[in-house]
Number of protein chains: 2
Amino acid sequence: MGRLTFEISMSLDGFVAGPNQTLEEPLGKGGEQLHQWIFGLKSWRESHGKSGGESNVDSELVEQSIRNAGAELMGRRMFSGGAGPWEDDPNADAWWGDDPPFGHPVFVLTHHPREPESKQGGTTFTFVTEGIEAALEQARAAAGDKDVKIAGGADVAQQYLNAGLLDEVQIHLVPELLGGGVRLFDNLDASRVKLETARVIESPAGVTHLLYRVVR
Amino acid sequence: MGRLTFEISMSLDGFVAGPNQTLEEPLGKGGEQLHQWIFGLKSWRESHGKSGGESNVDSELVEQSIRNAGAELMGRRMFSGGAGPWEDDPNADAWWGDDPPFGHPVFVLTHHPREPESKQGGTTFTFVTEGIEAALEQARAAAGDKDVKIAGGADVAQQYLNAGLLDEVQIHLVPELLGGGVRLFDNLDASRVKLETARVIESPAGVTHLLYRVVR
C-alpha cells in the first residue's frame, strides 16, 4: 500500500494562500508568487501539456511526486472555489477544462452529491460525501501500490493530519512574506501531531524543500 | 562595519515561544523544546562555562555566530521577563547571574532609564531609552568590525526588520508544532520586507538552519 502524502508551497510566514481569495484570484492576494518556482520546470510543464522548461533538482522533485501518485484527494473549495449546492456554483466545472493535469483519479470531498466525471488524459473526478476516511479508502483502491496525494487545500490536509492518517508532508518553503491569508499549520491538535525531518533539498530558485515524516 | 543579524529557533508552525510566558517558564508552554538541539553542543556549552558536548555542523554554526558577534541588542522582556519601572520588576537582575554567557556589550531596549552594569567575562548591560536606532548606533560602536546581533525577542527583531535595518536573519527551523504563542513573522509590513535564501544547512538533530539575506 502506498503512502498518504501532502505537499504544498508555503511562505516563510506560514501562509499557503494570500488574503481575499476570489474566483479571479483563487490563491488570494500574493498567493500566486508562492508557485513561481514551479511554472518553468520541465516536469511541471510536461504534466500540463507544455513543452520545454528547466531540468534541475526542482524538476526532478516534481517529476518524482507526479510519478509516485496514483490518486488524489481534494477539497471542494480547491476544486471549484465554491461551496453549497452544485447548481449554484458558477465554477462547478472547475479550473482545468477538458484535459486536467492530474492524469489519475481525483476524489473531491464535498457535502453535495454529484455524479462522477471522466475527463481526458486519465483524470476522473469522483465526489465523496461520506467524509475523509471513506474518500481515502476509495483513493487507496484507485491508487493501487502508488501513493495517494492530498492536492489541498490546507483544511483538508489538517483534517487528515488530525486524524492521524497522513504519512508525509513536504513543504516547499518560499522566502516570501504574505502577511495574511490561509495558514498551513492551523486548526491542528499540536500535542498529537509529531513530525520528524526526513529530507532537505535546497532549490536553485531559493526555495527549500522540506520533507517531514509523521511519527506515530 | 559588521552586519546586523538575528537568529532564532522557530517551530514549524511559526512560533518562537509558546503560550503563557511566565517567570518560571519564560519561553512559554512548549517553548523550551525549540532549543533542545543547542544544549548539547560543544560551542554552546563552552560559551556557558560547561565542558564537553558534541562537535558537529550545529556546533560549528553556533561557534561561528558567537565568534562573529561583537555586541548584542535585546528587548526588555527578554532581559528580565518584566515591564514597567525597574523597582517593581522581580527579575530586574535578569536570568544570567554574575557571569552571563554573552562576553561582550549588550544593549537593552527599555522605556525605563537605568545605570549600566558590568558583569564577569566581558558582558556589560547598557540600558537604552532613545529607541532602536540609538541602540543600534551604540552597539555598532561597541562591536567595531564585528556583527551586531539581535538577541531577541521577536518584537525587537520585527522593529528592526520593519525599519529596514536588519541584514540577515537565520531561522533554526524545528519540526515541532506549538499550536500557539509568539509568532516570529508578525506585525511586519510584508510588502516592504524582501528576503532571499542565502544558505541552508541540514542538522543532525533534524533542525534546518535557514539563512536569509534582507534585500534592499
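The values are calculated or read from the model by the stated rules, or taken from the named source; none is laboratory data. If you're wondering where the values come from, they're calculated on a predicted model, not measured in any experiment. Because the Cβ atoms are built from the backbone with ideal geometry, glycine has one as well, and the counts that use them run over all protein chains shown. Ligands, DNA and RNA are stripped out before the accessible areas are found, and what is left, the full protein with its side chains, is counted by its heavy atoms. Shrake-Rupley method; radii C 1.70, N 1.55, O 1.52, S 1.80 Å.
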When restricted to B:Leu166, B:Leu161, the only residue open to solvent by less than 50 Å² (accessible area, probe 1.4 Å), touching a helix residue (DSSP H, G or I) at 6+ places or on another chain (Cβ under 6 Å) and outside any strand (DSSP E or B) is B:Leu166
### Task
Determine whether region B:111-133 contains at least one residue that is more than 22 Å from B:Pro26 (Cα to Cα), outside any loop (DSSP other than H, G, I, E, B) and within 14 Å of the chain's Cα centre (by Cα).
no
Residues in region A:125-143 that are open to solvent by less than 40 Å² (accessible area, probe 1.4 Å) and out of contact with any Leu (no Cβ under 9 Å at 6 or more places or on another chain) total 4
Only one of A:Gly122, A:Gly180, A:Gly152 is closer than 30 Å to A:Asp88 by Cα, open to solvent by less than 50 Å² (accessible area, probe 1.4 Å) and at the interface with another protein chain (Cβ under 10 Å from one of its Cβ atoms), namely A:Gly180
For A:Val108, the lone unmet condition from (1) within 14 Å of chain B (Cβ to nearest Cβ); (2) farther than 30 Å from B:Arg199 by Cβ; (3) open to solvent by less than 10 Å² (accessible area, probe 1.4 Å) is (1)
Subset of region B:3-21, residues more than 10 Å from chain A (Cβ to nearest Cβ) and under 12 Å from B:Arg183 (Cβ atoms), comes to B:Ile8, B:Val16, B:Ala17, B:Pro19
Those residues of region B:183-206 which are open to solvent by 50 Å² or more (accessible area, probe 1.4 Å), farther than 30 Å from B:Asn20 by Cβ and either more than 8 Å from every other protein chain (Cβ to nearest Cβ) or in a strand (DSSP E or B) (or both) amount to B:Arg192, B:Lys194, B:Glu196, B:Arg199, B:Glu202, B:Pro204
If you go through region A:18-36 one residue at a time, do you hit one that is basic (Lys, Arg) and in contact with a strand residue (DSSP E or B) (Cβ under 6 Å, 6 or more places away or on another chain)? no
For helices (runs of 4 or more DSSP H) lying entirely in region B:14-105, having 3 or more residues that are in contact with a helix residue (DSSP H, G or I) (Cβ under 7 Å, 6 or more places away or on another chain) picks out B:42-47, B:57-68
(message) Against the definition (under 24 Å from B:Leu211 (Cβ atoms), surrounded by 15 or more Cβ atoms within 10 Å (Cβ to Cβ) and under 14 Å from the mean Cα position of the chain (by Cα)), how does B:Glu46 come out, yes or no?
(response) no
Note on region A:24-43: residues farther than 30 Å from A:Ala163 by Cβ and open to solvent by 40 Å² or more (accessible area, probe 1.4 Å) are A:Glu24, A:Glu25, A:Lys29, A:Glu32, A:Gln33, A:Gln36, A:Phe39, A:Lys42
Sole miss for B:Phe6 among (1) open to solvent by less than 70 Å² (accessible area, probe 1.4 Å); (2) farther than 23 Å from B:Tyr160 by Cα; (3) among the aromatic types (Phe, Trp, Tyr); (4) within 18 Å of the chain's Cα centre (by Cα) is condition (2)
